[in-house]
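Here's the structure we're looking at; comments come further down.
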Amino acid sequence: DASSILEIWEKDYEKADFYLWAIVPGDLGEPIGTISVVEMNENAQWVEIGYCIGRNWWHRGYVSEALKALIAFFFEEVGVGRIQARHDPRNIHSGAVMRKCGMTCEGILRRADRNNQGICDAAIYSILREEYDRKHHLLCELTDEKLLGTDAVSTNWPRLAARAIVRNRAGRIGLTYI
């Protein structure tokens, strides 16, 4: 039941490598899904992110916002060199989320995963630290250029508070460490 799962998660938070957030739209104030690290390799400095969201919340941009926030967190705060994610290729919308967040499809692993429909292929996406830095640097330059000479100039991009409540720039969603 839900309370036993929450107890397990609470104990897991004592581990330094346990990352799990609830996706909480600001207007609802309650979780609609989760996003977490499903695998981590400290030697190779990469994490794999997984997410799940209720069907009523599909196609509203919540997962894209959450994934973008975690990409920034893991590159800027944790210092990983690679972030990856995977999805069933039949779920084209999940692949679209990954591409929207700057990830590149590396290929398909055949019969390499399992979901609620059984054993399936897995499309692997990733973004490297260098790619993120290039895109982030260009975005900062463009923003500074457009706002030059106004009171609104800022290169203080939002940072995630590790193991705390996280909000994106627009404040539309929060990621609450469960």
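Quick check: is even one residue across the stretch 70-77 exposed (fewer than 14 other Cβ atoms within 10 Å of the Cβ), assigned to a helix (DSSP H, G or I) and touching a residue at least 60 places away in the same chain (Cβ under 8 Å)? Yes. Against the list (1) at pLDDT below 95; (2) touching a strand residue (DSSP E or B) at 6+ places or on another chain (Cβ under 7 Å), the condition Leu28 fails is (2). Ala22 meets each of the listed conditions (1) loosely packed, with under 10 Cβ neighbours inside 10 Å; (2) outside any helix (DSSP H, G or I) apart from (1). Restricting attention to the stretch 88-110, which residues are in a strand (DSSP E or B) and either within 15 Å of Val47 (Cα to Cα) or polar (S, T, N, Q) (or both)? Result: Thr104, single match.
Scanning the stretch 25-44 for residues that are surrounded by 14 or more Cβ atoms within 10 Å (Cβ to Cβ), more than 12 Å from the chain's Cα centre (by Cα) and within 14 Å of Ile83 (Cβ to Cβ) gives a single hit, Met40. The residue pairs whose first member lies in the stretch 29-44 and is over 15 Å from Ser126 (Cα atoms) and without any contact (Cβ under 8 Å) to a residue 40 or more places away in the chain, whose second member is hydroxyl-bearing (Ser, Thr, Tyr) and open to solvent by less than 60 Å² (accessible area, probe 1.4 Å), and whose beta carbons are closer than 9 Å, counting only pairs six or more residues apart or on different chains, are Ile32/Tyr62; Gly33/Tyr51; Gly33/Tyr62; Ser36/Tyr19; Ser36/Tyr51. Condition first: assigned to a helix (DSSP H, G or I), within 19 Å of Lys135 (Cα to Cα) and either modelled with pLDDT under 95 or open to solvent by less than 70 Å² (accessible area, probe 1.4 Å) (or both). Can you find one or more residues in the stretch 47-60 that meet it? No: zero hits. Looking across the stretch 103-138, just one residue is open to solvent by less than 50 Å² (accessible area, probe 1.4 Å), touching a helix residue (DSSP H, G or I) at 6+ places or on another chain (Cβ under 7 Å) and either of a type in the set (Lys, Arg) or farther than 12 Å from Gln84 by Cβ (or both), and that is Tyr132. Quick one: in the stretch 69-108, which of the residues that are modelled with pLDDT of 95 or more and of a type in the set (Val, Ile, Thr) is nearest to the chain's Cα centre (by Cα)? The selected residue is Ile71.
The values are calculated or read from the model by the stated rules, or taken from the named source; none is laboratory data. What you see is a predicted model; the values in this text were computed from it and never measured. So basically every Cβ, Gly included, is an ideal-geometry build from the backbone, and we count neighbours across all protein chains shown. Heavy atoms of the whole protein, side chains included, go into the accessibility calculation; ligands, DNA and RNA do not. Shrake-Rupley method; radii C 1.70, N 1.55, O 1.52, S 1.80 Å.
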